[in-house]
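The values are calculated or read from the model by the stated rules, or taken from the named source; none is laboratory data. This is a predicted model, so every value here is computed, not measured. Cβ atoms come from the backbone with ideal geometry, glycine included; neighbour counts cover every protein chain shown. What goes into the accessible areas is simple: the full protein's heavy atoms, side chains included, and nothing from ligands, DNA or RNA. Shrake-Rupley method; radii C 1.70, N 1.55, O 1.52, S 1.80 Å.
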Amino acid sequence: YTQNENDGGEQYWVATSATYQVGQNSFEVPLISAQGGGFGAVSGQAAETIGQCTLTFNSCGSVDFDYDITGGPALGSGSVELIPLIPNDECVYQADFAASACPSGTSDAGGGICVLQGTLSNDVTLTNDRIYQLNGGVFVGDDLGGAAGPAEGDGVTLEIEAGTVVVGATGQDFLVVSRGSQIQAYGTEFAPVVMTSAQAFVDITSGTSAQWGGLVINGRAPINSGTPCAGVSDCLEAQGEGGSGLYGGVDPTDSSGVLNYLRVEFAGNLISDLDELNGIAFQGVGNGTLVDYVQVHANADDGVEFFGGTVNAKHLVLTNIGDDSIDWTQGWTGNVQYALVQQGPESDRGIEADNNSDDNDALPRSAPKLANLTIQGGGGATDHGILLREGTAANITHSIVVDAPDGRNDSCLDIDQDATFANATANPETFTLTGLFLDCADPFEGTEDDGPNEFSVADFFAAGAFNAQLDITFDSANGVALDGDSPLLQAPDVPRSIFGEFFDNPGFAGAIGGRDWTQNWTSYIKR
């Protein structure tokens, strides 16, 4: 806001506002004039658009502007020193954007863009004063095999500062963290790390799925299918989709680094009908890896897929995914707590869970533990909430599955295949549904499934403690948090005997109870 007086001595204000994408430091805004009122009291006053202004932020504390006022000065310009809304020593954008040289390990393409390509053989730090363009498949380090602990030759670390933007321009542009190397992506609530398409970065309205590849992380944790690792006993490894390298090994505690406040958008290039990149592929990733506050939006294939491994995750957001939002296979045994899934019209399943499609009883058996899920249907033709099949086990608690607003979900819950039924019966401690709440016109995919146990999905659900079908309502203004009168805001503790110390006891069901942890760092959530 700026206060002015016209030729008649009347007070008027010039104001503007704009919505912009994280990392976008230059954009156009309208200049709006309003008469009368006090500072900040423009609303309700007679207002008119008097011109346009291009704002270019240099850092948290500095902005340049060029403006064109209709019927006034042809062009004006200037600079303004800003007072950030957060203390200056907490501002992550200290350096002027594009003012410094490209970091070592990247090349300068001009215009504030640095290029990443090939295999990174040394540690690289991506600073948030530049935009980083992937050129083809970019590999962080060479593959160091599936053995536990250090391998011959030290791995490479890719560090990404808070607020950094990485873009891919084609379906052949993707980022892979090789076995033995690490990614350290440390975003913050108000400055997440964003991996997006070049098209969407220029104009967010042009963002669509499959505009670039995605993020792949290869680890050295166990998987249950593949071929023997070279020189390592009792070790299996497999080749990732899209030529993304080898994964798998013998170290369940392996660390591939940190993903914290990260958003991955508009990825998922289709290589073939059976070979498509996920938003984030966790391939044999170990539980020494930290994954917390991660969103995948509008991926053509799955949002996140766990190919074996032991990696854990908290605070996941999956929106408008083209296939399955959360997928697992090949013996994944990790944990997830707090996951918001919003299906889109082209989405398939909120969860698609397998053990091993070739050998349903392969070991280690997929047996993750999940709590505090909210899965909201999107109304697609094959839109399911949760599908458990191909021999998987799972412990699921304190979770919600609801229809699309128009009630077109095919089902809330489906359990398939003989090996799945047999394991659920023989090993009930590894296959439990408790505190699972369904609100679907068609809650189950049929009441009976063929199998040696004459397994009934409806009966299995009914036998679980605290499971129920009921009307579930969300806050009308928020759209993702439970309505304030919901009985699901009062829930018993997560059972420690099954779920262990990784899990909090939030006292509610679903992903969001009190504080909405999706605010500020996410985009595209339907509220």
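What ranking do 353-362, 164-173 get when scored by the average of other Cβ atoms within 10 Å per residue, highest first?
Descending packing order for the listed peptides: 164-173, 353-362.
Leu31's amide H: which non-local residues (gap 5+, or another chain) put their own amide H closer than 5 Å, with H modeled 1.01 Å from N in plane and none for Pro or chain starts?
Result for Leu31 returns Ile50, Gly51, Gln52, Cys53.
Tabulate in residue order the Karplus-calculated ³J(HN,Hα) for region 47-63, using 6.51 cos²θ - 1.76 cosθ + 1.60 with θ = phi - 60°, rounded to whole Hz; enter x for Gly and Pro.
3J(HN,Hα) across region 47-63, in whole Hz: 10, 8, 7, 10, x, 10, 9, 9, 9, 10, 7, 8, 5, 4, x, 8, 9.
What is the spin-label model distance, in nm, from Phe65 to Asn427 if the labels are put 7 Å beyond Cα along the C-beta direction?
6.4
Once you keep just the Cα pairs under 8 angstrom separated by 6 or more residues, what percentage relative contact order results for region 286-432?
18
Would you grab the residues whose amide H sits under 5 Å from the one on Glu237? Only those 5+ places off in sequence or on another chain, please, with H modelled 1.01 Å from N.
Here the answer is Thr227, Cys229, since their amide H atoms fall under 5 Å of that of Glu237.
Once amide H atoms are built 1.01 Å from N in the peptide plane, which residues 5 or more positions from Gln182, or in another chain, come under 5 Å H to H?
For Gln182, whose amide H was placed from the backbone, the distant partners under 5 Å are Val156, Thr157, Leu158.
Based on the alpha-carbon gyration tensor of region 109-156 and its eigenvalue square roots a ≥ b ≥ c, which shape applies: rounded if a/c is under 1.5, prolate if not and a/b is larger than b/c, or oblate?
Note, shape of region 109-156 comes out prolate.
Considering only DSSP states other than H, G, I, E and B, which GluC sites (Glu not before Pro) in region 143-227 qualify as loop sites with at most 11 other Cβ atoms within 10 Å?
Those that pass, being in a loop and sparsely packed, are Glu152.
How many angstrom lie between the C-alpha centres of region 110-150 and region 164-199?
Each part reduced to its Cα centre gives a spacing of 10 Å.
What list of ³J(HN,Hα) values in whole Hz, one per residue of region 275-280 in order, does the Karplus curve 6.51 cos²θ - 1.76 cosθ + 1.60 (θ = phi - 60°) give from phi, with Gly and Pro shown as x?
So the Karplus estimates, Gly and Pro as x, are 9, 9, 7, 8, x, 10 Hz.
Rounded to the nearest 500, what is the 222 nm mean residue ellipticity of the chain from helices alone, with -39500 (n - 2.57) per DSSP H run of 4+ residues and division by all residues?
-1000 deg cm²/dmol
Read phi for every residue in region 348-360 and hand back ³J(HN,Hα) as whole Hz from Karplus 6.51 cos²θ - 1.76 cosθ + 1.60, θ = phi - 60°, with x for Gly and Pro.
So the J values, rounded to whole Hz, are 9, 10, x, 10, 10, 10, 10, 8, 7, 5, 8, 9, 4.
Per 0.36 nm of contour for each residue apart, how much would the distance between Val202 and Asp96 grow if the chain were fully extended, relative to their Cα-Cα spacing?
36.2 nm
If I model a spin label at Ser476 and Ala47 as a point 7 Å from the Cα along the Cα→Cβ vector, what separation in nanometres do I get?
That separation, rounded to one decimal, is 2.5 nm.
Rounded, prolate or oblate: pick one for the chain, where a ≥ b ≥ c are the square roots of the eigenvalues of its C-alpha gyration tensor, a/c under 1.5 means rounded, and failing that, prolate if a/b is larger than b/c, else oblate.
Cα axes put the chain in the oblate bin.
If you take the Cα atoms of region 293-406, find Rg, then find the Kirkwood Rh from the mean of 1/r over all pairs, what is Rg/Rh?
Rounded to two decimals, Rg/Rh equals 0.95.
Only Cα pairs under 8 Å and at least 6 apart count here; give the relative contact order of region 326-404 as a rounded whole percent.
37
State in Å² the accessible area per residue of the chain; use a 1.4 Å probe, count heavy atoms of protein chains only, and round to the nearest integer.
With the other protein chains kept in place, the chain gives 40 Å² per residue.
At a 1.4 Å probe, what is the % contribution of carbon and sulfur to the accessible area of the chain?
Here carbon and sulfur together make up 50 percent of the probe-accessible area.
When only Cα pairs under 8 Å and 6 or more residues apart are kept, what is the percent relative contact order across the chain?
Averaging sequence separation for qualifying contacts and normalising by length gives 7 percent for the chain.
Looking at Val494, Leu388, Thr425, which one has the Cα that reaches farthest to the positive end of the dipole of region 386-527 (charges on Cβ: Lys, Arg +1; Asp, Glu -1)?
Farthest towards the positive end: Val494.
Answer rounded, prolate or oblate for region 254-359, using the Cα gyration tensor with square roots of eigenvalues a ≥ b ≥ c: rounded when a/c is under 1.5, else prolate when a/b is larger than b/c, else oblate.
oblate
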